[in-house]
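Undergrad: Let me give you the structure first, and then I'll get to my questions.
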Amino acid sequence: MEFISTILSICGAVSIVGGAGAIVVKVIKPAFLLTKRVSQLEVYNEKDYKRLQSLEEMQKQQSKCLAAMLNHEITGNGIESMKKIRDELLESIIDK
């Protein structure tokens, strides 16, 4: 009789520990998944920020080029300025 009581006690202890373990896994696993997802989103955010900066710089250079061409059309001058802007624009395109 005592043997059966000991076995039942051991089974009860295993059941309690197993249940507690399952609860801990259910609570902790989403936290790990969330941490992984946040890390990946941070990587994407950094890439998007760099891409946005690059696009803004290209837009500035295009605006300079457009202003130089407009100035040249109006005055017929500014060829040296246009050459300088062209070189900057080509350098930017080659670097990317």
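Any read-out appearing in this document is the output of simple, stated calculations on the displayed coordinates, not a laboratory observation. Quick caveat, the model's predicted, so the values are computed rather than measured. Positions of Cβ are generated from backbone atoms using ideal geometry, with glycine treated the same way; all protein chains shown enter the neighbour counts.
Undergrad: Hand me the tally of lysine pairs in the chain: alpha carbons under 29 angstrom apart, and the pair either on different chains or 8 or more positions apart.
TA: 20
Undergrad: R0 = 35 Å: FRET efficiency of residue 44 with residue 90, Cβ-based, nearest 0.05?
TA: 0.70
Undergrad: Tell me the angle of helix 2-75 to the major Cα principal axis of the chain, expressed in degrees between 0 and 90 and rounded to the nearest ten.
TA: With rounding to tens, the tilt is 0 degrees.
Undergrad: Find, to one decimal place in angstroms, the Kirkwood hydrodynamic radius of the chain, where the mean of 1/r is taken over every pair of different Cα atoms and then inverted.
TA: 19.7
Undergrad: Taking the Cα centre of the chain as origin, sum charge times position over the Cβ atoms of Lys and Arg (+1) and Asp and Glu (-1), and report the length of that vector in debye to the nearest 20.
TA: Result for the chain is approximately 240 debye, rounded to the nearest 20.
Undergrad: Mind checking the angle between helix 79-95 and the chain's longest principal axis? C-alpha axes, 0 to 90 degrees, to the nearest 10.
TA: In the chain, helix 79-95 runs at an angle near 20 degrees to the longest axis.
Undergrad: Quote to one decimal, in nm, the extra length available between residue 61 and residue 9 on full extension: 0.36 nm per residue of separation minus the C-alpha distance between them.
TA: Contour length minus the Cα-Cα distance gives 10.9 nm.
Undergrad: Based on the inverse mean of 1/r over its pairs of different Cα atoms, what is the Kirkwood hydrodynamic radius of segment 2-54, in Å?
TA: The Cα-based Kirkwood calculation yields 14.8 Å.
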